[in-house]
Amino acid sequence: MAHKDNGYLSAKESRRISRENKKVTDKLEKQYRRKNVPEDEFLTKLDNPDNALEVRDLHTYFFTDMGVVKSVDGISFDVPIGKTVGIVGESGCGKSVTSLSIMQLLQRPQGQIVSGEIRLNTGDKVYDIAKINAQTVQKLRGRYMSMIFQEPMTSLNPVFRIGDQVDEVLQLHFPGVPLDQIKARTIELLNMAGIANAEGVYRMFPHELSGGMRQRVMIAIALACSPRLIIADEPTTALDVTIQAQILDLLRNLKDKINSSIMLITHDLGVIAEMADYVVVMYSGRIVEQGTAEEIFAHPAHPYTIGLMASKPVVGKKIDKLYSIPGKVPNPVNMPDYCYFRDRCEMKLDRCNGEYPCEINISPTHKVSCYRFYDKKEGE
Amino acid sequence: MADEIKNAAEEEETTVATETAVADPVAEESVQEAPAAAAETPAQGEVVMSEEERKAAEKAEKQRQKEELKRLKEEARAKALYVDKSYDPVEYDPQYILMVNNLKKYFPIKDGVFARTVGYVRAVDGVTFNLKRGTTMGLVGESGCGKTTTGRVILRLSGEKTAGQVLFNGEEVYDKTPAEMRALRTKMQIVFQDPFSSLSPRLPVGEIIGEAVREHKLVPKEEYNDYIDDIMDKCGLQPFHKYRYPHEFSGGQRQRICIARALALNPEFVVCDEPVSALDVSIQAQIINLLKELQEHFKLTYLFISHDLSVVEHISDSVGVMYLGNLVEYGTTEEIFSNPLHPYTKALFSAIPVPDPTVKMNRIILEGSIPSPANPPEGCKFHTRCPYATEECKHVAPCQREIEPGHYVVCHLYNK
Ligand SMILES: Nc1ncnc2c1ncn2[C@@H]1O[C@H](COP(=O)(O)OP(=O)(O)O)[C@@H](O)[C@H]1O
Ligand SMILES: Nc1ncnc2c1ncn2[C@@H]1O[C@H](COP(=O)(O)OP(=O)(O)O)[C@@H](O)[C@H]1O
Ligand code: SF4
Ligand SMILES: [Mg+2]
Ligand SMILES: [Mg+2]
């Protein structure tokens, strides 16, 4: 695609792009809308049965009139059972698109998973969400995986009472259970989410609750069916620190209670350090570094991770001047063919002009995509 | 910009004037009294009064009642302004550019079609601190605790204050005439949190930054262009950016434009209201560094409002902690962070996540949520969530005490 540097497209070119887009998205939409497909088609195998989720070389693109936005461009990571994986990165790096891909909640038809695998472990079966159809994923969503959003009001319906909304989720996944049992379970869930006056809240409308209380309701809904995987996309970003502390505490305790896994998305390194067992660092739609929380915080390897940590002041550590990463993120429509971080990197080497660096293992769990570690790989 | 602020201020002032309708308790009392008085009069004059005389007397009585009601309404109106003089005025101390003494700002709550005042939001409810020239004071607290209102009331951007003093260079800001106020506006500026909505989309950046400079004739005409270029350069903007429009800039650059606009007026004091909260971490670092450089260069004094404690610790010389309209603790940054005293400050600090997985925080989790500032708890406002609350705390409001030199706390635990 020919792009002028100024980023403006002629009307003719824009029309051509949208025609091309339509061809691709129509085909993918048809796949997704198929009905009554035997389930076997979506079943797959895990690399490691101890994982709740395995993502392999996932590519999620948005086919816009400005061109194809490669929001997620080849990422692979695991979420082990019972563990919390934190995903960090600055806004626009593709964190939300990753989670929406896993839930199959992308804005269709322009948002599409174009390739890769998303393997969800439901206990006895493993589904490939990337290839699944709408009918099947509906049965998994809420039951085996659920999501908590930053702004609970976007996912709570303002005109229905809290209790009815929780009841609905339970009824969907446990059809035939009598209503009084469902209702009792709802009250129990609200209680579990730390809502003191659960019976009162059952009859309230979302707008009658504070932000922190709404997020508790969202957590109650997300945990209603004891899912295997909980995706929390910036669950506390809109909340105050003392309320954030309550919510994080709650998430941690409930996760252990039902033995599920959490994929926690945030831009706050402090929250990650506190909650996560494993950390994934994203930059411009790719994973630049991943490892255990100890590895990432004690020995950050990628220049972007190092820069990110140096740009945030830390309470109790006095410094004169904060480090600031120079430059800005590359244009997502027109990505470079070398390391995406090279133009901002202050540690770059001559060889960084080559193609995008591949993932290097610097320990069994610690992986980094950076030319500075190419020698280390050979040494090991 | 200055104009915008002035207009906003005027607008709010007019609303203040209209909103002082009736303070209801008093008005209602008068209505209750009236029938009793009316019943008395005929009883007295029963024997002698002719029909006409009685009518005249009734009329006079009605007139009297009407006037009485009017007087009471007026009294109520005066009370509705809620001017509270119950504070000791402070003496000016030249080392302080800003002295804030028992500052209060209540917003009336309106109800029904007649917009009667049914109560007050006590957004700022007694804030006292002094700010040394050339330093930065951080103001922290959770959302709704009154940080923004404090900043705006100091700059006289929220109509009249409810009570207290704001001395800027020793002069009461609220005693200024409109003309004096306009001149003062160049000395006191504000940078807002949201760099997206605080810039006019229809003006090119050069005009946004320079508009008020020309209006106040701060520099001679022939130097104007160089002056603007210089300010933009200091704020990290390129000269050609002058001809672009705000929507063409990223969040960080827009915040630079806001800062340049404020600094173009050559202020002494700048209120920074969450200037980095909407920005990404790496952009935050750039803006924080810029604010620090500019402070050194222009000898600025900042009131830095933020809910991010690590940023506040980094940039501030002193820190104030607010809870529900009160400044519960304030002192030097070292003191506050190494030796927090107020139970709320302790809980707030313990809630900050530390970016180090090996550190296990000894977290104090506060129960419940923040009460409404329209109906704050009696006594110490924090007592409903305080782990140390005593019977005294529930009924008696604590006052500000200096525990160490320069370290002030408002809490009964330290009232010895
Ligand atoms: N509906 C959409 N249409 C077009 N582009 C989108 C859409 N949603 C997200 N994107 C693009 O995808 C990229 C990643 O976005 P996102 O995952 O939301 O970032 P974040 O890491 O902040 O959550 C961004 O460049 C964004 O512009
Ligand atoms: N113009 C106003 N009219 C009525 N209430 C207001 C107004 N401005 C602020 N408030 C109220 O005052 C309280 C403090 O608000 P604010 O100063 O914005 O808090 P913060 O900046 O600390 O989040 C809030 O409860 C808010 O709803
Ligand atoms: S590959 Fe090179 S340019 Fe990219 S982050 Fe590593 S050192 Fe920097
Ligand atoms: Mg997001
Ligand atoms: Mg505010």
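The values are calculated or read from the model by the stated rules, or taken from the named source; none is laboratory data. This structure is a prediction, so every number in the text was calculated from the model and none was measured. Please note: Cβ atoms are built from the backbone with ideal geometry, for glycine as well, and neighbour counts cover all protein chains shown. The protein model used for the area step is the full one, side chains on, heavy atoms only, and it has no ligands, DNA or RNA in it. Shrake-Rupley method; radii C 1.70, N 1.55, O 1.52, S 1.80 Å.
Odds and ends about this structure:
- Here A:Glu289 meets each of (1) farther than 30 Å from B:Ile336 by Cα; (2) within 11 Å of chain B (Cβ to nearest Cβ) with one exception, condition (2).
- A single entry from A:Asn121, A:Asn133 fulfils the requirement of being polar (S, T, N, Q), crowded, with 21+ Cβ neighbours inside 10 Å and more than 12 Å from the chain's Cα centre (by Cα): A:Asn121.
- Looking at region B:327-416, the helices (runs of 4 or more DSSP H) lying wholly inside it that each contain 1 or more residues that are over 23 Å from the mean Cα position of the chain (by Cα) and within 28 Å of A:Ile272 (Cα to Cα) sit at B:333-338, B:343-350.
- Residue identified as within 16 Å of the chain's Cα centre (by Cα), away from ligand 5 (no atom under 16 Å from the Cβ), within 14 Å of chain B (Cβ to nearest Cβ) and modelled with pLDDT of 95 or more among A:Thr60, A:Thr84: A:Thr84
- For region A:89-142, the set of residues classified as within 16 Å of ligand 3 (Cβ to nearest atom) and not charged (D, E, K, R) consists of A:Gly89, A:Cys93, listed by residue number.
- Residue within region B:226-247 that is open to solvent by less than 20 Å² (accessible area, probe 1.4 Å) and in contact with a strand residue (DSSP E or B) (Cβ under 6 Å, 6 or more places away or on another chain) present: no
- Pairs are defined by a Cβ separation below 6 Å, a sequence spacing of at least 6 or placement on different chains, a first member in region A:327-353 that is in contact (Cβ under 8 Å) with a residue 60 or more places away in the chain and more than 14 Å from A:Ser369 (Cα to Cα), and a second member that is away from ligand 3 (no atom under 13 Å from the Cβ) and not charged (D, E, K, R); the pairs so defined are A:Pro332/A:Val69; A:Val333/A:Met66; A:Val333/A:Gly67; A:Val333/A:Val69; A:Asn334/A:His3.
Condition check ((1) within 30 Å of A:Leu248 (Cα to Cα); (2) crowded, with 20+ Cβ neighbours inside 10 Å) across all residues:
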{"site": "B:Asn339", "(1), (2)": "yes, no"}
{"site": "B:Lys381", "(1), (2)": "yes, yes"}
{"site": "B:Cys399", "(1), (2)": "no, no"}
{"site": "B:Ile403", "(1), (2)": "no, no"}
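- Extreme residue, nearest to A:Ile81 (Cα to Cα), among residues of region A:212-233 that are among the charged types (D, E, K, R) and either within 13 Å of chain B (Cβ to nearest Cβ) or open to solvent by less than 10 Å² (accessible area, probe 1.4 Å) (or both): A:Arg216
- Just one of the listed residues (B:Val173, B:Val153) is more than 13 Å from ligand 2 (Cβ to nearest atom) and away from every other protein chain (no Cβ under 14 Å), and it is B:Val173.
- Checked against (1) open to solvent by 20 Å² or more (accessible area, probe 1.4 Å); (2) more than 17 Å from the chain's Cα centre (by Cα), A:Ser91 passes all but condition (2).
- Of all the numbered requirements in (1) within 16 Å of ligand 3 (Cβ to nearest atom); (2) part of a loop (DSSP other than H, G, I, E, B); (3) out of contact with any Pro (no Cβ under 6 Å at 6 or more places or on another chain), A:Met347 misses one, and that requirement is (3).
- Every condition in (1) within 15 Å of B:Pro355 (Cα to Cα); (2) more than 17 Å from the chain's Cα centre (by Cα); (3) open to solvent by 10 Å² or more (accessible area, probe 1.4 Å) holds for A:Ala245 except the one numbered (3).
- On the stretch given as region A:61-75, residues that are touching a strand residue (DSSP E or B) at 6+ places or on another chain (Cβ under 6 Å) and either more than 20 Å from A:Arg19 (Cα to Cα) or open to solvent by less than 20 Å² (accessible area, probe 1.4 Å) (or both) total 5.
Here's the yes/no breakdown for (1) open to solvent by less than 60 Å² (accessible area, probe 1.4 Å); (2) over 23 Å from B:Ile288 (Cα atoms):
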{"position": "A:Gly307", "(1), (2)": "yes, no"}
{"position": "A:Asp337", "(1), (2)": "no, yes"}
{"position": "A:Tyr356", "(1), (2)": "yes, yes"}
{"position": "A:Glu359", "(1), (2)": "no, yes"}
{"position": "A:Pro364", "(1), (2)": "no, yes"}
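- When A:Leu105, A:Leu28 are checked against the criterion of being farther than 22 Å from A:Cys358 by Cα, modelled with pLDDT under 95 and open to solvent by 60 Å² or more (accessible area, probe 1.4 Å), A:Leu105 stands alone in meeting it.
- Condition met for A:Ser91 (of a type in the set (Ser, Thr, Tyr), modelled with pLDDT under 95, away from ligand 2 (no atom under 16 Å from the Cβ) and farther than 20 Å from A:Leu58 by Cα): no
- Residue among B:Leu290, B:Leu294, B:Leu303 that alone is within 11 Å of another protein chain (Cβ to nearest Cβ), aliphatic (A, V, I, L, M) and not in a loop (DSSP other than H, G, I, E, B): B:Leu290
- Residue tally, condition part of a helix (DSSP H, G or I) and within 30 Å of A:Lys70 (Cβ to Cβ), over region A:274-284: 1
Every residue, every condition in (1) within 26 Å of B:Ile283 (Cα to Cα); (2) in contact with a helix residue (DSSP H, G or I) (Cβ under 6 Å, 6 or more places away or on another chain), yes or no:
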site: B:Leu157; (1), (2): no, yes
site: B:Thr177; (1), (2): no, no
site: B:Ser200; (1), (2): yes, no
site: B:His216; (1), (2): no, no
site: B:Lys221; (1), (2): no, no
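- Test: residue in region B:262-282 that is within 13 Å of another protein chain (Cβ to nearest Cβ), assigned to a helix (DSSP H, G or I) and either surrounded by fewer than 24 Cβ atoms within 10 Å (Cβ to Cβ) or away from ligand 5 (no atom under 16 Å from the Cβ) (or both): yes
- Among the numbered conditions (1) within 30 Å of A:Met213 (Cα to Cα); (2) more than 14 Å from chain B (Cβ to nearest Cβ); (3) of a type in the set (Lys, Arg), the only one that A:Arg252 does not meet is (2).
- The set of residues in region B:343-369 that are modelled with pLDDT of 80 or more, open to solvent by less than 50 Å² (accessible area, probe 1.4 Å), more than 7 Å from every other protein chain (Cβ to nearest Cβ) and out of contact with any Pro (no Cβ under 7 Å at 6 or more places or on another chain) comprises B:Tyr344, B:Thr345, B:Ser350.
- Qualifying positions in region B:163-197 - open to solvent by 20 Å² or more (accessible area, probe 1.4 Å) and within 16 Å of ligand 5 (Cβ to nearest atom): B:Phe192, B:Gln193, B:Asp194, B:Phe196, B:Ser197
- Residue tally, condition in contact with a Pro (Cβ under 7 Å, 6 or more places away or on another chain) and facing another protein chain (nearest Cβ under 9 Å), over region A:320-331: 1
- Top-ranked residue of region A:191-211 - restricted to ones that are open to solvent by less than 20 Å² (accessible area, probe 1.4 Å) and among the aliphatic types (A, V, I, L, M), ranked as nearest to the other protein chains (Cβ to nearest Cβ): A:Leu209
- First in region B:272-285 and under 17 Å from A:Ser91 (Cα atoms), second anywhere and open to solvent by 10 Å² or more (accessible area, probe 1.4 Å) and within 16 Å of ligand 4 (Cβ to nearest atom), Cβ under 6 Å, 6 or more apart: B:Leu279/B:Gly251; B:Asp280/A:Glu90; B:Asp280/A:Ser91
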